[in-house]
There are 2 protein chains.
Amino acid sequence: MSNTSVQRLEALRKRMHETGTDLVAIGPSSHMMYVAGLDPHGDERPVMLLVSREHAGFLMPALNVDSSRRKTDLPFFAWRDDDGPDAALADLLKASALPESPSVVIDETMRADFALLLLDALPGAKRRFTDDTVGFLRARKDNAEYGRLKASALLNDKATLAGFDALKSGITELEVAAAIRDVYKAAGAVPVFTSVCFGGNGAFPHHHTGETRLKNGDAVLIDTGGRLDGYPSDMTRVGFFGAPSAEFEKVHEVVNRAVEAALAAARPGVAAKAVDKAARDVITEAGYGEFFPHRTGHGLGIDIHEPPYLTATSETVLDEGMVFSIEPGIYLPGKFGLRLEEIVILRADGPEILSEMPRATQIRN
Amino acid sequence: MSNTSVQRLEALRKRMHETGTDLVAIGPSSHMMYVAGLDPHGDERPVMLLVSREHAGFLMPALNVDSSRRKTDLPFFAWRDDDGPDAALADLLKASALPESPSVVIDETMRADFALLLLDALPGAKRRFTDDTVGFLRARKDNAEYGRLKASALLNDKATLAGFDALKSGITELEVAAAIRDVYKAAGAVPVFTSVCFGGNGAFPHHHTGETRLKNGDAVLIDTGGRLDGYPSDMTRVGFFGAPSAEFEKVHEVVNRAVEAALAAARPGVAAKAVDKAARDVITEAGYGEFFPHRTGHGLGIDIHEPPYLTATSETVLDEGMVFSIEPGIYLPGKFGLRLEEIVILRADGPEILSEMPRATQIRN
């Protein structure tokens, strides 16, 4: 087991103690990658890492034992296809030495059948999800994670700029996306998602990049991210093909001000909802409240979306080392969508933006 | 909504009636793609299709409503990030008009937090997974699905052959995998997985294709699949670089005989476990029983792994139109792994193999 995994398992046990947790159950997911450095073959065969106060072990399909053994020295409770997982799980739970009515944390991303297999084996368990255990730890990045996220963000600046530089009359959204992805690939990174929206397409927050062709007078929204050395990037910038309309310029000013308000509000000790409110108030006061239908931000680490989430109701208290997006947007049906997104790491004195690309409109002709 | 979706929803309701099911809950998954033709943005925001006897509707994050609306005209019960999904789910359940203690089917692939959100809202529900409802329907392919699976299998023959043709001294597993993937891409298909194992690497059923270089006397195992027009392929063939050893030839003969025994056993009305037993008996009688640690096969459709599963204990009764793999294998640590895999569709008189590539050892020098 790597030093990182040893340290993270130790940190998880400390956190379990602080939160009165008897068992943490993790499926094949980024949670497992984070805690144990293991990314096992994921299919319908139940795989779980169970961490209790004194024990840690894997429920593992027999045919994955050898390949997984190279990555960890935690014990495997193996099961064969013709036996099914019940007996191996019972052995693992016995080794976990849980109290009556244990307090159990379930990896919320686990398949429903994995989770219900475990919960059916633990009648009387009090369950919750990983927010205050694995999620708590993952939200606070160490220096090694910061370095990787920073490098990934700087590459994303280049990729995004390549997208705007590719704009020309008649080009399709998909062609622009390809130009962006080429930048990731040339740097040895993996494209994760690339959303390119021309004109009214940008008014759907999750528009699928397609065959729409660029024409003069179109707003352009690019939201893209790649994965470099295991860590993703995620940034949104907007441009205009031709001279920006007065309405576009006005909305850009409002959204940019919302970003700045959120940056000013984000401090260690502040609730996530206060950052959402800071951005939302700017947009609401400008009269666009109904056109900002989503939360202000999400955490980013091994996953593109992870805690902390910056919503209108989140009581999560922001802490030093947290990495998250600030991405207010205004979507005007039939016209354009305008979102500006930064990824920041929260320092003692406020957020540090990871990318270097300005938020100004990228104007091309 | 497409005609296909109308027909499948009707077939699902008929099946719900036959199985006494009051509600089927489907997450963003191939189940949803199959039933409703919808593949919504999948993240941590709960999305569910709930089908009851008289109603069908989606729990849907507000920001995905517009893009999803283009694909279906079923009603959306939308929720915004700052409200959370509880109220929208309550409305959807009210519209579903369920009886007391309803019999509920949960998509087993759904995230644990989606499933528990629903189950917590339905205290007293009797739950099971999709095997005898959506799974039942998906296991029986119609002609359109057969045509796509057949085309995908024939492309896979070409891809696999390109892999064996790429063999030369010193080439790496990854380089052979790249040659295989190029064939999918040139045909407009998407590589799904490509496992290339040289020598002893083949003895790990889920070996990760890597930098191992080919040398004379190595067995070669290629297990690969691509997705063409929405439908995948999956086939395993073996080769030898140089003159096959006597042991390899003997094991090949045993595994091929196991495939043939399974093909002979698979008939409509037969239990899946009988097909597994037919293959396993051949291998056990040849003295290799302990080296065949996995099930004999899995269904294949929109997913590479789906029902029916051919295990030693599966009571699933095979039926006309089912598509599944037959893939016995023998894994000799330190020496080689030898698996032969066919995808078949079950006809009234027995299995029809979808691919045309023979199972003979591909010998190269």
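Every read-out reported here was derived from the displayed coordinates using simple, explicitly stated rules and does not represent laboratory data. All values derive from a computational prediction rather than experimental measurement. Here the Cβ positions follow ideal geometry from the backbone for every residue, glycine too, while neighbour counts run over all protein chains shown.
What list of ³J(HN,Hα) couplings, whole Hz, do you get for segment A:180-193 from phi and the Karplus terms 6.51, -1.76, 1.60, once you set θ to phi - 60° and write x for glycine and proline?
Here the 3J(HN,Hα) series is 5, 5, 4, 5, 4, 4, 4, 9, x, 9, 10, x, 9, 7 Hz.
Each residue of segment B:227-234 in turn: what ³J(HN,Hα) in whole Hz from Karplus with 6.51, -1.76, 1.60 and θ = phi - 60°, glycine and Pro shown as x?
Result, ordered by residue: 10, 10, 6, x, 10, x, 10, 6 Hz.
With the Cα gyration tensor of chain B giving a ≥ b ≥ c as the square roots of its eigenvalues, does the rule (a/c under 1.5 for rounded; else a/b larger than b/c for prolate; else oblate) give rounded, prolate or oblate? Please list the in-between numbers first.
Values: a/c = 2.38, a/b = 1.85, b/c = 1.29.
Prolate is the answer for chain B, as a/c is 1.5 or above and a/b outweighs b/c.
Mind computing the radius of gyration and Dmax over the alpha-carbon atoms of segment A:231-365? Å is fine for both.
Reported Rg and Dmax, both Å: 14.6, 45.
Which residue, B:HIS31, A:THR133, A:VAL190, has the largest displacement toward the positive end of the dipole of the protein assembly as shown when charges sit on each Cβ (Lys, Arg +1; Asp, Glu -1)?
Farthest towards the positive pole: A:VAL190.
For segment A:143-364, what does the relative contact order come out to in percent, with C-alpha contacts under 8 Å and a separation of six or more?
After rounding, I find 23 percent.
For A:PHE129, what residues show an amide H to amide H distance below 5 Å, using hydrogens built from the backbone and excluding near sequence neighbours?
Counting only residues 5 or more places away or on other chains, the set is A:ILE106.
Using only the Cα atoms of segment B:194-254, what are the Rg and Dmax in Å?
Radius of gyration, then largest Cα-Cα span, for segment B:194-254: 13.1, 42 Å.
Rounded to the nearest 20 Debye, what is the dipole magnitude of segment A:3-139 about its Cα centre when Lys and Arg each give +1 and Asp and Glu each give -1 at the C-beta?
Details: 16 positive and 21 negative charges, 108 e Å.
Magnitude of the dipole: close to 520 debye.
Given the options B:THR133, B:THR209, B:THR19, state which has the largest fluctuation in a GNM of chain B using a 10 Å cut-off (strictly under) for Cα springs.
For chain B, modelled as a Gaussian network with Cα springs under 10 Å, the answer is B:THR19.
Compute the signed sum of charges (Lys and Arg +1, Asp and Glu -1) over the other residues within less than 13 Å, Cβ to Cβ, of A:VAL176. Working shown, then result.
Values: positive: A:LYS168, A:ARG181, A:ARG213, A:ARG237, A:ARG364; negative: A:ASP165, A:GLU173, A:GLU175, A:ASP182, A:GLU211, A:ASP218, A:ASP223.
Value of the local net charge: -2.
Rank these for me by crowding, A:ARG80, B:ARG111, going from fewest to most other beta carbons within 10 Å.
With the sparsest Cβ surroundings first, the list reads A:ARG80, B:ARG111.
Considering only DSSP beta bridges where both residues belong to segment A:34-151, give the percentage that are antiparallel (nearest 5).
Numbers: 4 of 11 bridges.
Bridges in segment A:34-151 are about 35 percent antiparallel.
Highest GNM mean-square fluctuation, chain B, Cα pairs closer than 10 Å: which of B:LYS94, B:LYS215, B:LYS14?
The residue that fluctuates most here is B:LYS94.
Fewest to most neighbouring Cβ within 10 Å: what's the order for A:ARG138, A:ARG257, A:ARG69, B:ARG8?
Details: A:ARG138 23, A:ARG257 16, A:ARG69 13, B:ARG8 20.
Listed from fewest to most nearby Cβ atoms, that is A:ARG69, A:ARG257, B:ARG8, A:ARG138.
Give me A:GLU108, A:GLU253 sorted ascending by neighbouring Cβ count inside 10 Å, so fewest comes first. Working shown, then result.
Numbers: A:GLU108 22, A:GLU253 11.
By the 10 Å Cβ count, ascending: A:GLU253, A:GLU108.
Compare the Cα positions of A:HIS17, A:GLY287, A:PHE164 along the charge dipole of chain A (+1 at Cβ of Lys, Arg; -1 at Cβ of Asp, Glu; about the Cα centre) and return the one farthest towards the positive end.
With unit charges placed on the Cβ atoms, the residue in question is A:PHE164.
Out of all DSSP beta bridges with both ends in chain B, state the antiparallel percent to the nearest 5. Intermediate values should be presented prior to the final figure.
Details: 45 of 58 bridges.
The antiparallel proportion sits near 80 percent.
Lys and Arg at +1, Asp and Glu at -1: add these up for the other residues within a Cβ distance under 13 Å of B:GLY289 and post the number.
Details: positive: A:ARG80, B:LYS277, B:ARG280; negative: A:ASP82, B:ASP276, B:ASP281, B:GLU285, B:GLU290.
Surrounding charge for B:GLY289 is -2.
Tell me, what ³J(HN,Hα) does each residue in segment B:294-306 have, in order and in whole Hz, if you take phi through Karplus 6.51 cos²θ - 1.76 cosθ + 1.60 with θ = phi - 60° and put x for Gly and Pro?
Working through the residues one at a time gives 10, 5, 7, x, 9, x, 8, x, 4, 9, 5, 10, 7 Hz.
Label-to-label distances across copies for B:GLU356, with labels 7 Å out along Cα→Cβ, in nm, shortest first?
The answer, with the shortest distance listed first, is 5.7 nm.
Any idea which of A:LEU92, A:PRO40, A:SER103 is furthest toward the positive side of the dipole for segment A:22-111, if Lys and Arg beta-carbons carry +1 and Asp and Glu beta-carbons -1?
A:PRO40
What's the lysine pair count for segment A:135-230 at a Cα cut-off below 25 Å, pairs eight or more apart or interchain?
Lysine pairs, 8 or more places apart or on different chains, close enough: 9.
How many angstrom lie between the C-alpha centres of segment A:29-61 and segment B:228-252?
Result: 31 Å between the Cα centres.
May I ask for the Rg/Rh ratio of segment B:94-187, computed from Cα atoms with Rh as the Kirkwood radius, given to two decimals? Display every interim value, and only then the final one.
Working: Rg = 22.6 Å, Rh = 17.7 Å.
Checking Rg against Rh, the ratio lands at 1.27.
Looking only at B:ALA125, B:ALA112, B:ALA151, which one moves most when chain B is put into a Gaussian network model with springs between Cα atoms under 10 Å?
Top of the fluctuation ranking is B:ALA112.
Add +1 for every Lys or Arg and -1 for every Asp or Glu among the other residues with Cβ under 14 Å from the Cβ of B:GLU44, and state the total.
Values: positive: A:ARG138, A:ARG295, B:ARG45, B:ARG111; negative: A:ASP107, A:GLU108, A:ASP131, A:ASP303, A:GLU306, B:ASP43, B:ASP81, B:ASP113.
Computed value for this residue: -4.
Using a label position 7 Å from Cα in the Cα→Cβ direction, what is the ascending list of nm distances from A:ASP319 to the same site in the other copies?
Ordered by increasing distance: 5.2 nm.
By its C-alpha gyration tensor, with a ≥ b ≥ c as the square roots of the eigenvalues, how is segment B:3-139 shaped: rounded for a/c under 1.5, else prolate for a/b larger than b/c, else oblate? Before the final figure, lay out the partial values.
Working: a/c = 1.57, a/b = 1.16, b/c = 1.35.
It is oblate, given that a/c is not under 1.5 and a/b is not larger than b/c.
Expected output is a single nm value to one decimal: the length gained when fully extending between A:GLU100 and A:ARG70, i.e. 0.36 nm times separation in residues minus the C-alpha distance. What is it?
7.3 nm
When N is the residue count of the protein assembly as shown, what does its C-alpha Rg come to as a fraction of 2.2 N^0.38 Å?
In units of the 2.2 N^0.38 Å rule of thumb, it is 0.99.
If you draw the axis that swings chain B onto chain A, which residue of B has its Cβ closest to it, and how far is that in whole Å?
Of all Cβ atoms in B, the one closest to the rotation axis yields B:ALA112, 3.
Run the dipole for chain B about the Cα centre, Lys and Arg Cβ at +1, Asp and Glu Cβ at -1, nothing else charged, and hand back the magnitude in debye, nearest 20.
Numbers: 40 positive and 52 negative charges, 120 e Å.
Magnitude of the dipole: close to 580 debye.
Shortest first and in nm with one decimal, please list how far the A:ASP120 label point sits from its counterparts in the other copies (point 7 Å along Cα→Cβ).
Label point to label point, same position, other copies: 2.2 nm.
Of all DSSP beta bridges in the protein assembly as shown, what percent run antiparallel (nearest 5)?
80 percent
Give me the percent relative contact order of segment A:3-139, please, defined on Cα pairs under 8 angstrom at least 6 residues apart. It would help to have the intermediate numbers written out before the result.
On the way: 219 pairs, mean separation 36.6, N = 137.
Here the relative contact order equals 27 percent.
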